[in-house]
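The values are calculated or read from the model by the stated rules, or taken from the named source; none is laboratory data. These figures come from a predicted structure and were not determined experimentally. Because the Cβ atoms are built from the backbone with ideal geometry, glycine has one as well, and the counts that use them run over all protein chains shown. Note: areas computed on protein heavy atoms with side chains; ligands, DNA, RNA excluded. Shrake-Rupley method; radii C 1.70, N 1.55, O 1.52, S 1.80 Å.
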Amino acid sequence: MEWDKIWSFNRKVIDPIVPRFSAVIKEGAVPIAVQGAKEESKSMPKHPKNEEIGSKTVWLSSKIWIDQVDAMVLSEGEVVTFVNWGNLIIQKINKDGSGKITSMEAKLNLENQDFKKTTKLTWLAETEQAPFIPAVMVHYGYIISKAVLGKDEDFKAHVNKKSREDTLVIGDPELATLKKGDIIQLQRKGFFICDEPYQPPSRHIGRASPCILLNIPDGHQVKATSKDADNKQKQKETSKKSEKKSKDKSKKGSAPPASTAAPAAASSAAVLADPNEWARMYTQVAAQGEVVRQLKANNAPKNEIDAALKQLLALKEDYKNLLGKDYKPGAGPPTSTSSADPIALYNKVAAQGDKVRSLKSSKAPKEEVEIKSGV
C-alpha cells in the first residue's frame, strides 16, 4: 500500500473534529485597502459543520491581507468572496516593475449574496486589538525521493537532501491559544500539529517565539491557491492561448487553414509504398511488446512496467495513424491500391463478367463458371 492512501485515511479521521484557522504566507503578502469597512469583530464557528468544537473571533478592518498567489488571479472590477465576511469588489491593483502585486483597493459589496460564481479567498484583517501571530509551517518530505528502488539502484542517488521546508506565515490571532500537540487546519494550506506554542516577547530576548506547526500529510498535494482561484488561473491561461492563436491566424490573412490530414496521408502513402518502412515500424512495436512481457514475467517494479507500457501504446498509436489500422501481431505488410487505374480496373471486372455470362448462357459446367467468377 502506498503512503498516500494511509494519509488519506488519516485525513478522514481528523477532518471532522479539528478547528480551522487562517494564515497568510508572509513573503509577498498583499495588503488590501477596503473602502467603507469598519474595525469590528464577530463570532464564527471553528468548524463549519461541527459546532461542538466551539467558536472563534474573526476581526474585520479597512486593511486586510491575502496571499500573493491569490492576488495574481484577481482583476479590477471583479466580485470576490472573502470567506466569513462576504463579497467585495476589486477596484484597483498596484504592481511593481516586475509585475508583482504590491497592494490593492476594494469596496464592500455585502448586499450581493450571490456566491455561486465568485472566487473564494481566505484573508486576515490587520488590527491593533488582535495582532497577528507569527508562525512557521514545517513540511517534511520523503527521505528517499523514489518510491520503489530497483535491485541494482544505489539508494544514495535518491536521497532527498531538502526533506524539510519552512514557510513563514502571519497567523490568525487565535493561534495564540494553541498548546503543544493541538491539531488544526489552516484553511487551504493543510492540517498541522502544534510542535511549539507561540510565546509572547520575552524580557530576556526582546522578541516573540513563533508558533511551530508541523504539517500532517493528508494524501494529496496542497496547492497554494484556492480551488476557485486555481480554476480561474487556468481559464486565464486558456484565454491567452486562444488570443495568441487568433493573432497568428490574423497574421496569415484570410487564406483557409492547411489541412492537417494531408501530412498524415502523405506519411501513410510513403509507408505503404515502402515495405522497409512498414517493417521498421512493425519491428519497433513488436520489440517493445516483448520488453513489456519480460518486465511482467520478472515481476519488475510497477513504475517500470507502466513506463514501458506507455511507450508501447505510443508506438501502436503511431502505427495506426500512419497505416490507418491497428497493429496486429503476425500481420503481413500493407498493400495499397491507391495507384491503380480505376478505368482499367473497371474494364477488367466488366470483361470477367462477360466471360461468366457467356459460360452460363452456353451451359458450361458449374465448376468452370465458379472458377471464372472467383467463387
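With respect to Glu76, is the statement that it is outside any strand (DSSP E or B) and of a type in the set (D, E, K, R) true?
So Glu76 fits the description; yes.
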Here the residues within the stretch 74-107 that are open to solvent by less than 10 Å² (accessible area, probe 1.4 Å) and over 15 Å from Trp123 (Cα atoms) are Ile101
The condition from (1) touching a strand residue (DSSP E or B) at 6+ places or on another chain (Cβ under 8 Å); (2) farther than 21 Å from Leu110 by Cβ; (3) open to solvent by 60 Å² or more (accessible area, probe 1.4 Å); (4) not hydrophobic (A, V, I, L, M, F, W, C) that Gln68 misses is numbered (3)
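To keep it simple, each residue is scored yes or no on (1) among the small types (Gly, Ala, Ser); (2) modelled with pLDDT under 95.
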| position | (1), (2) |
| --- | --- |
| Thr57 | no, no |
| Ala71 | yes, no |
| Val79 | no, no |
| Asn87 | no, no |
| Ile93 | no, no |
| Gly97 | yes, yes |
| Ile101 | no, no |
Restricted to the stretch 1-51 and to residues being over 24 Å from Val69 (Cβ atoms), among the basic types (Lys, Arg) and in contact with a strand residue (DSSP E or B) (Cβ under 6 Å, 6 or more places away or on another chain), the residue surrounded by the fewest Cβ atoms within 10 Å (Cβ to Cβ) is Lys42
Within the stretch 76-109, the residues that are in contact with a Gly (Cβ under 8 Å, 6 or more places away or on another chain) and more than 23 Å from Arg188 (Cα to Cα) are Gln91, Lys107, Leu108, Asn109
Picked from the stretch 123-157 (must be aliphatic (A, V, I, L, M), touching a residue at least 60 places away in the same chain (Cβ under 8 Å) and not in a loop (DSSP other than H, G, I, E, B)), the residue surrounded by the most Cβ atoms within 10 Å (Cβ to Cβ) is Ala135
Within the stretch 111-122, residues surrounded by 13 or more Cβ atoms within 10 Å (Cβ to Cβ) and more than 26 Å from the chain's Cα centre (by Cα) come out as Asn112
When restricted to Lys120, Lys49, the only residue under 27 Å from Ile216 (Cβ atoms), among the charged types (D, E, K, R) and touching a helix residue (DSSP H, G or I) at 6+ places or on another chain (Cβ under 6 Å) is Lys120
- Inspect the stretch 136-145 for any residue being among the polar types (S, T, N, Q) and under 28 Å from the mean Cα position of the chain (by Cα) and give the result as yes or no. yes
In the set Ile183, Ile193, the lone residue that is free of Cβ contacts under 8 Å to residues at least 24 places away in the same chain, among the hydrophobic types (A, V, I, L, M, F, W, C), closer than 28 Å to Val83 by Cα and open to solvent by 40 Å² or more (accessible area, probe 1.4 Å) is Ile193
Subset of the stretch 1-37, residues out of contact with any Asp or Glu (no Cβ under 8 Å at 6 or more places or on another chain) and assigned to a helix (DSSP H, G or I), comes to Trp3, Asp4, Lys5, Ile6, Phe9, Lys12, Val13, Ile14
Of the residues in the stretch 75-85, those that are under 25 Å from the mean Cα position of the chain (by Cα) and either within 24 Å of Pro48 (Cβ to Cβ) or in contact (Cβ under 8 Å) with a residue 60 or more places away in the chain (or both) come to Val80, Thr81, Phe82, Val83
So the helices (runs of 4 or more DSSP H) completely within the stretch 202-319 holding 1 or more residues that are over 30 Å from Phe115 (Cα atoms) and either modelled with pLDDT of 60 or more or open to solvent by 100 Å² or more (accessible area, probe 1.4 Å) (or both) are 227-251, 275-297
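So for the stretch 158-169 (the condition being open to solvent by less than 90 Å² (accessible area, probe 1.4 Å), over 30 Å from Phe82 (Cβ atoms) and part of a loop (DSSP other than H, G, I, E, B)), does at least one residue qualify?
Keep residues of the stretch 158-169 that are open to solvent by less than 90 Å² (accessible area, probe 1.4 Å), which gives 158-160, 163, 166-167, 169.
Subset that is over 30 Å from Phe82 (Cβ atoms): 158-160, 163.
Imposing the further condition that a residue be part of a loop (DSSP other than H, G, I, E, B) reduces the set to 160, 163.
Checked against the condition, which is being open to solvent by less than 90 Å² (accessible area, probe 1.4 Å), over 30 Å from Phe82 (Cβ atoms) and part of a loop (DSSP other than H, G, I, E, B), the stretch 158-169 yields at least one hit.
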Restricting attention to the stretch 117-127, the residues that are at pLDDT 95 or above and more than 15 Å from Ala71 (Cβ to Cβ) number exactly 3
